[in-house]
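Novice: The structure that follows is given in the form of structure tokens.
Just so it is clear, none of the values below were taken in a lab; they were calculated from the coordinates. In this text the structure is predicted, and so the values were computed from the model without any measurement. Positions of Cβ are backbone-derived with ideal geometry, glycine not excepted, and every protein chain shown enters the neighbour counts.
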Amino acid sequence: MSSPRLIGLLAADDVPADLADQIMSCGPVAAAIRFAPAAASSSESLDHHAAVVAWCRRAAFLPSRAGIPISPELLQSIARSAWYHRSTIEHIEGRVEISVELERRDGVRDGGIDGGGRAYLRATAHDLRACEVGVATAANLLAMYSERADADLIARTAPLPAIRLRASVLVRRAVAPRLARQFDSMLSAISDRLVCRVTGPWPPYSFSTIREPS
């Protein structure tokens, strides 16, 4: 047996004619669906992502997370918030997501520390502080460059001792490659204590507002 899963939302008047049988109407928005095995599958997330990418190629599309089952309650919830979803879809049109991760590099402080336990603790504290300053600097640079690119930014940092930054940037598709290169270059140069990963473009998963009804 298979059950319908939500892929995401698009404007009702933007549904391609050849895909009309793959949506459910919720007023001014339409819910795109796919059928998946009722039992959990290891390929569920990959299959969902492939379906999201296919829809993004056809229309301005607000993706859901993987595995949300279609139910009358879900469709009612979407319909109640349809105009909010519609405005979000209009905002993300022509935009993609860039993902940024910055975290402390493993093993940086472990070599060449002499002087016993106290020296090691001092060096560790110095390293943690330097990493914390580096992450704060990165967050400020991300905000500045995102504003210059007219991009939306979601950034999260973790306090000591977990030194890391996770950020998602929603930016115009045409600008995304250049902005991703800028992020990678400037963040990688902040400190050799930190490792930076910039990936994308992705569908705007982090900027989706679709939730299962509670």
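Novice: Once amide H atoms are built 1.01 Å from N in the peptide plane, which residues 5 or more positions from SER3, or in another chain, come under 5 Å H to H?
Specialist: ALA36, ALA38
Novice: Turning to a different aspect of this structure: Tell me the net charge near VAL15. Cut-off is 11 Å between Cβ atoms, VAL15 excluded, with +1 for each Lys or Arg and -1 for each Asp or Glu.
Specialist: Counting the neighbours of VAL15, the net charge comes to -3.
Novice: Let me ask something else. Find how many whole Å separate the alpha carbon centroid of the stretch 79-104 from the alpha carbon centroid of the stretch 166-214.
Specialist: Distance between centres, Cα-based: 13 Å.
Novice: For ASP47, what is the net charge nearby, where nearby means another residue's Cβ is under 15 Å from its Cβ and Lys, Arg count +1, Asp, Glu -1?
Specialist: +2
Novice: Right, next: Please report the relative contact order for the stretch 2-93, taking Cα pairs under 8 Å with a sequence separation of at least 6, and give it as a percent rounded to a whole number.
Specialist: That works out to 40 percent.
Novice: Could you put ILE190, ILE163 in order, starting from the residue whose Cβ has the fewest other Cβ atoms within 10 Å?
Specialist: Final ranking by Cβ density, sparse to dense: ILE190, ILE163.
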